[in-house]
Amino acid sequence: MKPQFDFLLSVCIPTHNRASLLRQTLASIVPQCDDAIEIVILDSASTDGTRDVVVEYQAQFPGISYFYSDKKMGIDVDMAKTVELAKGEYCWLMSSDDAITSDAIRILRNELEHGYEILLCNRIVCDLHLKPVRNRSWLRNNPITTVFNLHKREELLSYLHAAVEFGSIFSYMSALVFKREEWNRTEYDDAFTGSGYGHVVRIFGIISNGGRLKYIEHPLVLNRSFNDSFAEMGITRRFMLDIDGYLSLAMRFFPKDETVQRAFLRVMTLEHPWYQIVKLRAYTDNKKDWRDIRGKLSRCGYADALLGICGFLAKAKILVKIAVRFRYIYNTSIFHKYIYLFKKLVKG
C-alpha cells in the first residue's frame, strides 16, 4: 500500500540573514503553489528581518511553515533539519538566495508522476541581482538517456564521463529533488558537518540503495552568482572546502575503485581550472600548507607539471591579486552579460 503524505512536494529553505534575498525566492515560488505543496523555512538565528518577510508571504500562502533556531547550526545541519521538518512525498532543497523559473513547479510535477527517487534539474546562471546571464547544463547536451541507475558501476562511469559541471555530482543544493522516505533511509554523517556537502552523502546513500536519478534538461532554477556564503572563509579555505569534501566523498563511496574515484574527482576539478590553482597558490603563503594542498590536488587528478607551472605563475602575487580583483569587477558588471550574449550571437 502506497504511504500517504500531507503534500506532494516540500520546498525546503534553510536561511540565515538573507531577508531581502529570501523575498525574491518566495516571490518566485508562492504564485506556483497550491494545496499539494508546502514551503518549509528554517531560520538559523537570523538577526535581520527574515521573520517579517516570512509573515508577509504566509498571508499570501498559508502553506509556509516557519521554524526558528536560536543558534546558527551550519548549512549541513540546516539542510538535514529542513527535510526532517517537511511533510511532503518529495523535497526540493532551495538556497535562500536563488529563485525558480515561472514554469518550474509545473514541469517538476509532471516528472514526479514517474516516481523517480532523485531528480536533478538544470539552472540559469544569473548576476548578483538575479538577472539571467546564461543557461548552463550539468551534462553534455542531448544525453543518450535522462534516467540513470548510478548504483551500477558502468552506468555511473558513463554518467561521470558525460558530466561537464560540478553540480552533476550534487554540489548545488537548489538543483536537487528527492523522495523524503529514501532520504530518511540514509543517516546523517557527522563527519561531514561543516563540509558544505553533508547533503551529498544522503543523495549517494539513496543511489547506493538503488535509487534512480532523473536528469531534467530544462532549467528550473535561477542561480544567483557571486553570493557565495562560504566566501567569507577566505580564498584558500573556500577552495579547499571542495577539495577536502569531495576527496572524503570519493573515499566514502568508492574506497576500492580507483577508476571511479578518478572519474568522480575529475568532475569536481572542472570547477577549478588551472588559473584558479594559480590564485590558490598566490594566496597560500605558508610553504608547508602548500605542500599539503599540492598533495591533495595531485590526488584529485591535477598533473604535477600543471601544478608546477601554476606555482611558477603564482610568484607574481601582486599581478595575480590584481587579476582576481578585475575579474570579480568584470563578472559582477553588466558587461559580463552582454559580452556573453554577443558571443552567443556570433556563434549563431
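The values are calculated or read from the model by the stated rules, or taken from the named source; none is laboratory data. Being a predicted model, the structure only gives us computed values, none of them experimental. Heads up, the Cβs are rebuilt from the backbone with ideal geometry, glycines too, and the neighbour counts pull from every protein chain shown.
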Report summary line: Picking from Ile277, Ile293, Ile207, the residue that is among the hydrophobic types (A, V, I, L, M, F, W, C), in the same structural domain as Trp138 (by TED's automatic domain parsing) and either modelled with pLDDT of 95 or more or outside any loop (DSSP other than H, G, I, E, B) (or both) would be Ile207
Report task. Scan region 60-96 residue by residue and report those that are in contact with a Ser or Thr (Cβ under 7 Å, 6 or more places away or on another chain) and among the charged types (D, E, K, R). Result -> Lys72, Asp76, Asp78, Lys87
Report task. Give the number of residues within region 265-302 that are among the aliphatic types (A, V, I, L, M) and over 23 Å from Ser171 (Cβ atoms). Result -> 1
Query raised in the report: For Asp52, are the conditions met, namely being out of contact with any strand residue (DSSP E or B) (no Cβ under 7 Å at 6 or more places or on another chain), under 30 Å from Asp189 (Cα atoms), surrounded by fewer than 21 Cβ atoms within 10 Å (Cβ to Cβ) and of a type outside the set (Gly, Ala, Ser)?
Result: no
Requested in this report: Test Gly74 against the stated conditions and say whether it is of a type outside the set (A, V, I, L, M), out of contact with any helix residue (DSSP H, G or I) (no Cβ under 8 Å at 6 or more places or on another chain) and within 24 Å of Glu182 (Cα to Cα).
Outcome: yes
Query raised in the report: Do we have any residue at all in region 219-241 that's buried (at least 19 other Cβ atoms within 10 Å of the Cβ), under 22 Å from Arg18 (Cβ atoms) and modelled with pLDDT under 95?
Result: yes
Query raised in the report: When region 248-258 is examined, which residues are found to be crowded, with 19+ Cβ neighbours inside 10 Å and in a helix (DSSP H, G or I)?
Result: Leu249, Ala250
Query raised in the report: Which condition number does Leu119 fail, the rest of (1) under 20 Å from Asp6 (Cα atoms); (2) surrounded by 14 or more Cβ atoms within 10 Å (Cβ to Cβ) being met?
Result: (1)
Report task. Examine region 13-21 for a residue that is of a type in the set (Lys, Arg) and either in contact with a strand residue (DSSP E or B) (Cβ under 8 Å, 6 or more places away or on another chain) or at pLDDT below 95 (or both), and state whether such a residue exists. Result -> no
Report task. Considering (1) in contact with a helix residue (DSSP H, G or I) (Cβ under 8 Å, 6 or more places away or on another chain); (2) at pLDDT 95 or above; (3) loosely packed, with under 15 Cβ neighbours inside 10 Å, say which one Gly308 fails and leave the rest. Result -> (1)
